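Notes follow the structure.
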Amino acid sequence: MIPYGRQQVTQGDIDAVVAVLRSDFLTQGPAVPRFEQALAGRCGARHAVAANSATSALHLACLALGLGEGDVLWTVPNTFVASANCGRYCGADVDFVDIAPDTWNLDPKALRAKLLAARAAGRLPKIVVPVHFGGQPTDQEEIWELAQEFGFKVLEDASHSIGASRHGQRVGSCRWSDVTVFSFHPVKIITTGEGGMALTNDDEVAWRMTTLRSHGITRDPARMQRPPDGPWQYEQLELGHNYRITDLQAALGLSQLDRLDEFVEARNAISRRYDRLLSGLPVTAQTISPGNQSAFHLYVVRLRGDVVRRSQREIFERLRRHGVGVNLHYLPVHLQPYYRALGFAPGLCPEAERYAQEAMTLPLYPALTDAEQDVVVAALGDALG
Ligand SMILES: *Cc1c(COP(=O)(O)O)cnc(C)c1O
C-alpha cells in the first residue's frame, strides 16, 4: 500500500536522538530550548513554546489567551478534531465557520457575516482558530482586521503548514495572529514522533504557556507570591498540566528542521506533477491564493459531481484495492457524534459538508517516487472510469 503520508528519518536524525540518550538529560535538558529558539528564529517570532503534541499546544494557547467557561471558540469544520476540542477542554462553547469553495480554508466573508450576527446576539467568540488546510495559509490579514474590529483573539492552527509563507511572511511569524501552533506528528512536514509548538510575539502569553505546560509551576522569584526562602523554592501558581516534550524528541525535531526547506520543495514539486498528470481527469485541486506558498502537507482532489458517476465510497474502495492509500481530510468536525450530541447537525456549514462528500487525499510525502505517483494517477483514472 502506498500510504497518504510518511515520515522521512535519516541516519543523522537517529544519531541526534542517540546522542541525547547518552547525555545527562532525557527531558528538560538543553535540546528543548535549542529547538524552540531555532524555530522562533526561523519563523521570526519572539517566542516558541514546545509541547508534547499540537493538541496540547492548542490547549495551552487557549488557556493563555484566557478562554474559559461561558466563552466561545470558533473554528472550521474542515479540520482535525483537535482544533475544536481545545475550546472544549477549557469549558468553552465551540461553533463553526464555513470554508470557501475554492481554497477550502476559512471563508472570511462567512466569518464576517457570522460575527455580525453574533454581535447582534451578544455572543461574540473570544478566540477564532483558522486552519491552514493542506499547508495553505489562511487569509490572515482579513481575519486579523476582523479580530481588531470585533475584539477576538486569533489562534492559527498551522499543523499542516510549517515551512509555508504568505506575502513573504513565514507562517509562525504571528504577524496577523496572537499564537500559531505547529504539529510534529509523523504524517506532518517535520516530525518529533509526537510533538507540537506554539509561537507568539506576546511575552505574557509565552510565559503563561510555559508555566501551564509544566503544572502551573514557576521558579522565577519575580513571579512568586512569597519571597523564596531557599534555592529549592518553586511555586505552583495555577492548575497546569504536564505537556512537556522530551529532549529525545526535541533533538529529532532540530535535526529534521535542517531539512524543512528540502521537504517543502519536494512536496511542492510532487504537487505540481500531480496538477499536470491529473489535468485530464474530472477532479479539481485546491486553489492556492496569490501570495501564498503552500507547504503541501496534503494533496487533495475533489471529484467533479457533474461528471463522475461512481460514488466517492466506490472510488475510495477501488483505489484501496489497487494499493493506493487514499484518505478523507476531513469529515466535518461538527458532524462527529461528540459534536452532534452537543446539538450540531447537517446544514450548518454547507460548503464544508459538500466538500467532504467529494474530497479525496492522494499520497504525498517527500520520498514518493515518480513511478509510485504514476501508479496513483493510473489507479485514479481507472477508479473514475
Ligand atoms: C495533526 C493535527 C492536529 C493535532 O496534532 P497532534 O500533534 O497530533 O496533536 C491539530 N490540528 C490539525 C489541523 C492537524 O492536522
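Each reported figure results from applying straightforward, stated rules to the coordinates on display, with no laboratory input. Computed from a prediction, not measured in an experiment: that's the story for all the values here. Glycine also receives a Cβ, built like all others from the backbone with ideal geometry; neighbour counts cover every protein chain displayed.
Things to note:
- All conditions in (1) away from the ligand (no atom under 16 Å from the Cβ); (2) of a type outside the set (A, V, I, L, M); (3) buried (at least 18 other Cβ atoms within 10 Å of the Cβ) hold for Arg123, with the sole exception of (3).
- Residues in the stretch 300-327 that are over 20 Å from Asp107 (Cα atoms) and assigned to a strand (DSSP E or B): Leu303, Val324, Asn327.
- Leu239, sole failed condition from (1) in contact (Cβ under 8 Å) with a residue 60 or more places away in the chain; (2) under 27 Å from Met209 (Cβ atoms): (1)
- Residue in the stretch 170-180 that is within 16 Å of the ligand (Cβ to nearest atom), part of a loop (DSSP other than H, G, I, E, B), closer than 27 Å to Ala266 by Cβ and not basic (Lys, Arg) present: yes
- Residue check for Val187: closer than 20 Å to Gly253 by Cβ, touching a residue at least 24 places away in the same chain (Cβ under 8 Å) and buried (at least 22 other Cβ atoms within 10 Å of the Cβ): no
- When the stretch 184-203 is filtered for residues that are assigned to a loop (DSSP other than H, G, I, E, B), of a type outside the set (A, V, I, L, M) and more than 7 Å from the ligand (Cβ to nearest atom), the ones remaining, listed by number, are Pro186, Thr191, Thr192, Gly193, Asn201, Asp202.
- In the stretch 3-114, counting only strands (runs of 3 or more DSSP E) that sit wholly within it, the ones holding 3 or more residues that are within 23 Å of Leu146 (Cβ to Cβ) span 72-75, 93-96.
- Looking across the stretch 303-331, the residues that are in contact with a strand residue (DSSP E or B) (Cβ under 9 Å, 6 or more places away or on another chain) and within 28 Å of Ile190 (Cβ to Cβ) come down to Leu319, Gly323, Val324, Gly325, Val326, Asn327, Leu328, His329, Tyr330.
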